[in-house]
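A short write-up of the structure that comes next.
The values are calculated or read from the model by the stated rules, or taken from the named source; none is laboratory data. Fair warning: this is a prediction, and the values are worked out from it, not measured in the lab. So basically every Cβ, Gly included, is an ideal-geometry build from the backbone, and we count neighbours across all protein chains shown.
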Amino acid sequence: MPFSDPRPDIRLVAVDMDGTLLDESGRVPEGLWPLLAEMTRRGIAFAPASGRQYATLRREFGSHGDDMVFIAENGTFVVRHDVELSSERMDRDVVREVVATVRTVPHDVGIVLCGKRSAYIERTDEAFRREADRYYAELREVADLDEVDDDIIKVAIFDFDQAERGVRTALDDLARTHQVVVSGEHWVDIMNPGVNKGVALRRLQNTLGVTADQIAAFGDYLNDLEMMDAAGYSFAMANAHPEVAARARYRAPSNAEHGVIRVLEELLR
């Protein structure tokens, strides 16, 4: 249904990035910057909530990020004012098990270990490196992922074909013990069980002392499902996956139409 509620008391806005806030060129719309200033003036917290790493999100917003909360790596790492609020570290043996399993899948895939300090890859061909560079501002090449010394919070897999029909179908056994979520057309993320953007958003809600009815959330893909459940004002983009559209309470114009900006202007009027 379209949004029509009169003057809701929004205190926290959580926004997915790719396919949601970012336009078709992968840029933050210029119309966001004055809205951020207005939200800061009103004491409304703004939280990018993404599968992207914290360093990438922080770079995207520059000095505007000083007043933001970042829900990074699909909720496994939450940071405010460069201080960690929460994180979900994976057990080292579990990480090795996940990597070993993914190495055996019959698809053309690349693995990214997502740590607190950096992301790590052992596949270094230009095609995969180009895709990883898009999402990981801090990215290091290593000879063997099993030897990485960092707190790993997520394992991300890039499928050169279609993730939902490809590598995700090969991970059913892993999904019995881990959180396995399709986070984009070509990406699948593996995390500790029970970890998602919705859990991170509820923790942030408690930290900030706001209610679910004071939260607006925007998303488009399967890793946004639980975030839709956690927000009283949940908006699926017009370009959203059908499951997200079914789960959200409201609709927003597509990211190509700057839907987040247009709805925020209504919410803040």
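Among the residues examined, residue 199 does not qualify as touching a Phe, Trp or Tyr at 6+ places or on another chain (Cβ under 7 Å), closer than 26 Å to residue 157 by Cβ and assigned to a helix (DSSP H, G or I).
Among the residues of segment 59-81, those that are touching a residue at least 40 places away in the same chain (Cβ under 8 Å) and assigned to a helix (DSSP H, G or I) comprise 59, 60, 73, 74, 75. In the set (1) buried (at least 19 other Cβ atoms within 10 Å of the Cβ); (2) modelled with pLDDT under 95; (3) of a type in the set (Gly, Ala, Ser), the condition left unmet by residue 25 is number (1).
Screening residue 49 on (1) modelled with pLDDT under 95; (2) farther than 13 Å from residue 116 by Cβ shows it passes everything except condition (1).
Taken over segment 196-205, the criterion of being under 25 Å from residue 262 (Cβ atoms), surrounded by 24 or more Cβ atoms within 10 Å (Cβ to Cβ) and either free of Cβ contacts under 8 Å to residues at least 40 places away in the same chain or of a type outside the set (Lys, Arg) (or both) is satisfied by 201, 204.
Taking each residue of segment 208-235 that is within 15 Å of residue 246 (Cβ to Cβ) and looking for partners that are of a type in the set (Ser, Thr, Tyr) and modelled with pLDDT under 95 with beta-carbon atoms closer than 8 Å, six or more apart or interchain, yields 221/183; 222/183. Of the residues making up segment 82-96, those that are more than 14 Å from residue 57 (Cβ to Cβ), of a type outside the set (A, V, I, L, M, F, W, C) and assigned to a loop (DSSP other than H, G, I, E, B) are 88, 89, 91. Scanning segment 206-221 for residues that are buried (at least 20 other Cβ atoms within 10 Å of the Cβ) and either in a loop (DSSP other than H, G, I, E, B) or modelled with pLDDT under 95 (or both) yields a total of 2. As a summary of the residue check, residue 193 satisfies the conditions (1) in a strand (DSSP E or B); (2) surrounded by fewer than 17 Cβ atoms within 10 Å (Cβ to Cβ) except for the one numbered (1). Restricting 155, 112 to those that are touching a Lys or Arg at 6+ places or on another chain (Cβ under 9 Å), among the hydrophobic types (A, V, I, L, M, F, W, C) and not assigned by TED's automatic domain parsing to the domain that holds residue 18 reduces the list to 112. Is segment 132-148 home to any residue that is free of Cβ contacts under 8 Å to residues at least 60 places away in the same chain, part of a helix (DSSP H, G or I) and hydrophobic (A, V, I, L, M, F, W, C)? Within segment 132-148 (the criterion being free of Cβ contacts under 8 Å to residues at least 60 places away in the same chain, part of a helix (DSSP H, G or I) and hydrophobic (A, V, I, L, M, F, W, C)), the answer is yes, since at least one residue qualifies.
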